[in-house]
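The values are calculated or read from the model by the stated rules, or taken from the named source; none is laboratory data. No experiment lies behind these values; they were computed from the predicted model shown. Note that we place each Cβ from the backbone using ideal geometry, even for glycine, and neighbour counts take in every protein chain shown. When the accessible area is computed, the model is the full protein with side chains, heavy atoms only, and any ligands, DNA or RNA have been set aside. Shrake-Rupley method; radii C 1.70, N 1.55, O 1.52, S 1.80 Å.
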Amino acid sequence: MKASLTRISWMTRLTFLEAIRQRFFAFLILLSAALVLSSVSLRFLDFGHGELKFVCDFGFGGMFLFGSVLAVVMSAQLFFAEMDNRTALTLLAKPVSRTEFLVGKFMGVWLVLGVFIFTLSTLLGIILWARCQELTVAAIEAGKAPPELSITGLFSYTGMQWARLGVVAAMILMVASLARTFLFTVIVGSMLVVAGQLQWLAQETLLKPGDLNIFSKLLLTVSTYIIPNLQQFNIGDALTLDHGSVADGAVTLALFSGICYIVVFLFIGSLMFRQREI
Amino acid sequence: MNTGPAIAVKGLTKDFRIGLRGLKLRAVDNVSFEIPRGQVFGLLGPNGCGKSTTLKIILGLVSPTAGEVSILGFPFATTAARSRTGFLPEAPYFHKFLTGRELVAYCARLSGVKPESVNPAVEEALALTAMTEAGDRTIGTYSKGMLQRIGLAQAIVHDPELVILDEPTAGVDPVGSAAIGQMIKAMKAKGKTIVLCSHLLGQVEQVCDRIAIMDRGKLVLEGRVDDVLTRRDQTIITVENLTPEARRAAEEVLAQHGARVTSFTHPRRSLDDLFRELVTGSRDA
């Protein structure tokens, strides 16, 4: 067990090193940081919402969008780089099992996604905190209630986004372990991510009393179990600006479900990867 | 200690399915051989004859359609078997951003070398492959010869019992090839079993104890190098200062004993030897 964990940790290190040296990662993190920073100067476009909410939405949107792109493309790219460059041949000829290889890849990608999401979150936290101080002074002077901001809530949301990106990365690696090409993996993986974001619609449809036929009911029921509900991780506004509105245990439940999906996707992925000829 | 063969292959067959209709392409066809421990075994054959596929099956990278493989006494290339095996793939490609030393250390950890033993093991492997000086350069800057040598270093860093080398001299100049040949001999002297796939038949002849030749997926010959190459019905005598008279006399004496001289030639050194005599240093160093 210890030897296996050692091998996984070395696979993780290699994957992480490879990932952070890629221009794609640097490009996306710079682009996202620019988006988060620009939210301050664009706050006059608040569409009638509170200023902090606009900054939050803008920042969360950047983290969500670019985080998803990074999770899909980087997971697929790092997997296929090993296959196409035949470095996997050298690694898998060592006493590294296919499961260890896949888990190491996942951990490396997840670590990179963690760096991405926590860097942006810290940046957003600094912007929100600084603006909140200014707004609090202005509100007190005007005799109004100061705006609410929970930095703890922001980092809870960050943790949830990290879990969401972990689910996406595990899903992509599962597809990649079966797929032959990078393009196929990215397309199918992206479709699964979109399906995951819309999975809550299937849940709502099932809960509504209606005249669904058995086939539709069965299809929707199965899809709610197979496809993870990625929307459950997107409660950033509530966590950061209105912490009291989040139901007890919602964060824990979402994190638990995320971990379960990661384990299941990696398990299925490793079963398929074992059959693959290198 | 297990004294059975290092590798035993029995009735190995591998079919690849190609195209949408799933047509079968037989890459390896009912191949059987055994590789005794402590020997250098040459697996030869033209491109596409199934050598690399056979090696991949032995290493568990490809599953066979039929047949059995045992490696170091294990029924299949289990993790335990692979921890005692080193492999240099054909045209090796490693992560370019690592230095040679980092790669070898990384492979040592993956192969189960204890943390306190990693540095000495890495230095020994780099020294054996003459890569100590270039060890701190990134792999992206290496020449083909250096890539092969660092590949060899990563294959032997964990002191494996069995070393499998797939085309270790591909793209390497004669000086580098000779150096790799010396490394193989050094490993053999340490009691390692070595499987060598190569197109350098001269080198294979020099370093191998046994050879097997494959063609179109089938094993067409297998045996000890001396047995398969020596023509027992003919003898070569090398003589210095042979005059025409002495030659005639020798032919007469041989004829009296029923022997017939088929040729008188001057010995030649190989172009390989001549090249190595003239070009002494490696350009990679």
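Residue-by-condition table, conditions (1) of a type in the set (A, V, I, L, M); (2) away from chain B (no Cβ under 14 Å); (3) under 15 Å from A:Gly104 (Cβ atoms):
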{"residue": "A:Ser9", "(1), (2), (3)": "no, no, yes"}
{"residue": "A:Thr12", "(1), (2), (3)": "no, no, yes"}
{"residue": "A:Arg21", "(1), (2), (3)": "no, no, no"}
{"residue": "A:Leu28", "(1), (2), (3)": "yes, yes, no"}
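When the residues of the range B:4-36 are filtered to those that are open to solvent by less than 60 Å² (accessible area, probe 1.4 Å) and not in a strand (DSSP E or B), which remaining residue is farthest from B:Ser198 (Cα to Cα)? Here the answer is B:Gly22.
Check whether at least one residue in the range B:58-66 is closer than 22 Å to A:Thr12 by Cα and surrounded by fewer than 23 Cβ atoms within 10 Å (Cβ to Cβ), and report yes or no.
Yes, the range B:58-66 has at least one match.
Inside the range A:95-207, counting only helices (runs of 4 or more DSSP H) that do not spill past its ends, which hold 2 or more residues that are more than 22 Å from the chain's Cα centre (by Cα) and buried (at least 18 other Cβ atoms within 10 Å of the Cβ)? First the steps, then the outcome.
Numbers: elements: A:98-141, A:151-178, A:182-197, A:199-207.
It comes to A:98-141.
Residues in the range B:74-88 that are at pLDDT 90 or above and farther than 16 Å from A:Ser97 by Cα: B:Leu88 alone. Looking across the range B:74-92, the residues that are farther than 26 Å from A:Met1 by Cβ and either without any contact (Cβ under 8 Å) to a residue 40 or more places away in the chain or more than 7 Å from every other protein chain (Cβ to nearest Cβ) (or both) come down to B:Leu88, B:Glu90, B:Ala91.
Do you know which residues across the range A:239-278 are within 18 Å of A:Trp200 (Cα to Cα) and either in contact with a strand residue (DSSP E or B) (Cβ under 9 Å, 6 or more places away or on another chain) or open to solvent by less than 50 Å² (accessible area, probe 1.4 Å) (or both)? Residues satisfying the conditions are A:Val246, A:Ala250, A:Val251, A:Ala254, A:Ser257, A:Gly258, A:Tyr261. Return yes when A:Leu91 is in contact (Cβ under 8 Å) with a residue 24 or more places away in the chain, over 22 Å from the mean Cα position of the chain (by Cα) and outside any loop (DSSP other than H, G, I, E, B) and no when it is not. Yes.
Pairing residues of the range A:258-278 that are within 23 Å of A:Gln232 (Cα to Cα) and away from every other protein chain (no Cβ under 14 Å) with residues that are of a type in the set (Ser, Thr, Tyr) and assigned to a helix (DSSP H, G or I), at Cβ distances under 7 Å and at least 6 apart in sequence or on separate chains, gives no pairs at all. Test B:Lys96 against the stated conditions and say whether it is away from chain A (no Cβ under 11 Å) and not β-branched (Val, Ile, Thr). Answer is no for this residue.
For the range A:101-121, the set of residues classified as within 29 Å of B:Leu162 (Cα to Cα) and out of contact with any Leu (no Cβ under 9 Å at 6 or more places or on another chain) is empty. Out of the residues in the range B:101-114 that are open to solvent by 50 Å² or more (accessible area, probe 1.4 Å) and either acidic (Asp, Glu) or facing chain A (nearest Cβ under 9 Å) (or both), which is nearest to A:Ser9 (Cα to Cα)? Here the answer is B:Gly112.
Annotation for the range A:26-43: no member residue is among the aliphatic types (A, V, I, L, M), under 24 Å from the mean Cα position of the chain (by Cα), under 30 Å from B:Leu61 (Cα atoms) and at pLDDT 85 or above. So, B:Val118, is that one within 14 Å of chain A (Cβ to nearest Cβ) and without any contact (Cβ under 8 Å) to a residue 24 or more places away in the chain or not? In short, yes.
Checking each residue in the range B:49-73 for being within 13 Å of chain A (Cβ to nearest Cβ) and assigned to a strand (DSSP E or B) picks out only B:Ile71. In the set (1) out of contact with any Leu (no Cβ under 8 Å at 6 or more places or on another chain); (2) touching a residue at least 40 places away in the same chain (Cβ under 8 Å), the condition left unmet by B:Leu201 is number (1). Screening A:Gln133 on (1) of a type outside the set (Lys, Arg); (2) under 19 Å from A:Leu239 (Cβ atoms); (3) at pLDDT 85 or above shows it passes everything except condition (2). Could you check, for the range B:248-269, whether at least one of its residues is in contact with a Gly (Cβ under 7 Å, 6 or more places away or on another chain), at negative phi, among the hydrophobic types (A, V, I, L, M, F, W, C) and surrounded by 10 or more Cβ atoms within 10 Å (Cβ to Cβ)? No, every residue in the range B:248-269 fails to be in contact with a Gly (Cβ under 7 Å, 6 or more places away or on another chain), at negative phi, among the hydrophobic types (A, V, I, L, M, F, W, C) and surrounded by 10 or more Cβ atoms within 10 Å (Cβ to Cβ). If the condition is being closer than 17 Å to B:Gly45 by Cα and either out of contact with any Phe, Trp or Tyr (no Cβ under 8 Å at 6 or more places or on another chain) or open to solvent by 10 Å² or more (accessible area, probe 1.4 Å) (or both), then the range B:177-205 contributes B:Cys197, B:Ser198, B:His199, B:Leu200, B:Leu201, B:Gly202, B:Gln203, B:Val204, B:Glu205. For the range A:36-44, the condition holds for at least one residue, the condition being that it is open to solvent by 30 Å² or more (accessible area, probe 1.4 Å), free of Cβ contacts under 8 Å to residues at least 60 places away in the same chain and not in a loop (DSSP other than H, G, I, E, B).
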